[in-house]
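The structure appears below as structure tokens.
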Amino acid sequence: MRWKRHPGDPGTTATTWRARAATSGCRTATAPHLVDLHEPADEELLNDPTRNGANNAYWLFTRSNQNNAQILVHGDANSVWNSHYWAGRPLKVIVHGWNSNGNSAINPSLHQTADVNVIVLDWRGIANSGYWTAVRGVPNVGEHLGDFLTWLVNLTGSNWNNIHLIGFSLGAHVVGNAGRRTGSRPTRITGLDPAGPEWGGNANALKSNDGAYVECIHTCGGRLGINDPICAANFYPNGGRHRQPGCGLLSYTCSHSRAYEYFAASVRFDHLVGRQCTNQSQANNNNCSGAAFNMGNSILYKRG
């Protein structure tokens, strides 16, 4: 992926920002992303402890095992003591979305720029079911993640001020529920194009107070993602809606996925600049002239 920096570009708040990115060489989806919103939730699956949040899998990656996950088991202290986990490192938690997995560009980008613990939450038992079933399963999965993090902090002495939760699509709402479960203790939550269908007005959606600092990157707002500024800081690369650069006319999945691609690139290069807006209309119409801030870096005071 190639990026251009536009320091004078209008940006996007509840802080809303607008930023512009150029992409090159990204794989582009060619088929529309279809969701059957009338499909009933699978209650049997949601109540199955081998599929719901009780069966969350936690994959640990560090610089010592960047390509081979170590499995941490909630309640099994030996799984932590026998791993490369070290409480002195910052902890990054990555949560995938619907019909997805934990493999993305984010994990390697994090290791390239800092010595960190990365835990990838595998919740495919629910996420790879029907969309409405996955939506219904989000709170339970998030609460189990929150309980796991509380247990891990108590076990190892990790500092909540070093914990950053990152979720894509439905995973953004998972990390919101996890943060809420802990009493909003994670220092940072990043929602990457939080899923939109069935989440407008949903009490279980990601909220701006689920962590000490909550940010969103919107790339397919009004389609697969939420367009509203639900976080404390909201970035809207290329307007935050379909079509993102390099995506086909009906490739909503491509625009949706740009969120984690942009975030991964911003972690490595810290170069995408947005300008603060006073309202949503300014953000969507490229008419902002407020303060300039970089998207995705470690500055956590980007609020409006």
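List of remarks:
- Search result, residues across the stretch 197-212 that are buried (at least 20 other Cβ atoms within 10 Å of the Cβ) and either modelled with pLDDT of 95 or more or within 19 Å of S266 (Cβ to Cβ) (or both): A205, L206, K207, S208, D210, G211
- Evaluation of F235 against the conditions (1) assigned to a strand (DSSP E or B); (2) surrounded by fewer than 20 Cβ atoms within 10 Å (Cβ to Cβ); (3) not hydroxyl-bearing (S, T, Y) shows that the sole unmet condition is (2).
- Residue in the stretch 65-85 that is surrounded by fewer than 20 Cβ atoms within 10 Å (Cβ to Cβ) and within 17 Å of H173 (Cα to Cα) present: no
- Some residue of the stretch 261-282 being surrounded by fewer than 24 Cβ atoms within 10 Å (Cβ to Cβ), of a type in the set (V, I, T), under 15 Å from the mean Cα position of the chain (by Cα) and in a loop (DSSP other than H, G, I, E, B): no
- Qualifying residue in the stretch 147-163 (condition: under 21 Å from E215 (Cα atoms), surrounded by fewer than 21 Cβ atoms within 10 Å (Cβ to Cβ) and hydrophobic (A, V, I, L, M, F, W, C)): yes
- If you filter the stretch 177-232 down to residues that are of a type in the set (S, T, N, Q) and outside any loop (DSSP other than H, G, I, E, B), you find that the one that is farthest from G137 (Cα to Cα) is T190.
- Residue match in the stretch 178-191 (condition: aliphatic (A, V, I, L, M) and touching a Ser or Thr at 6+ places or on another chain (Cβ under 9 Å)): no
- Check on F293, crowded, with 23+ Cβ neighbours inside 10 Å, of a type in the set (A, V, I, L, M, F, W, C) and not in a loop (DSSP other than H, G, I, E, B): no
- Matching residues, the stretch 234-256, being closer than 24 Å to K92 by Cβ and touching a Phe, Trp or Tyr at 6+ places or on another chain (Cβ under 8 Å): N234, F235, Y236, P237
- H173, sole failed condition from (1) over 25 Å from D228 (Cβ atoms); (2) buried (at least 22 other Cβ atoms within 10 Å of the Cβ); (3) not hydrophobic (A, V, I, L, M, F, W, C): (1)
The values are calculated or read from the model by the stated rules, or taken from the named source; none is laboratory data. Note that this is a predicted model, so its numbers are computed, not measured. Note that each Cβ is placed from the backbone with ideal geometry, even for glycine, and that neighbours are counted across all protein chains shown.
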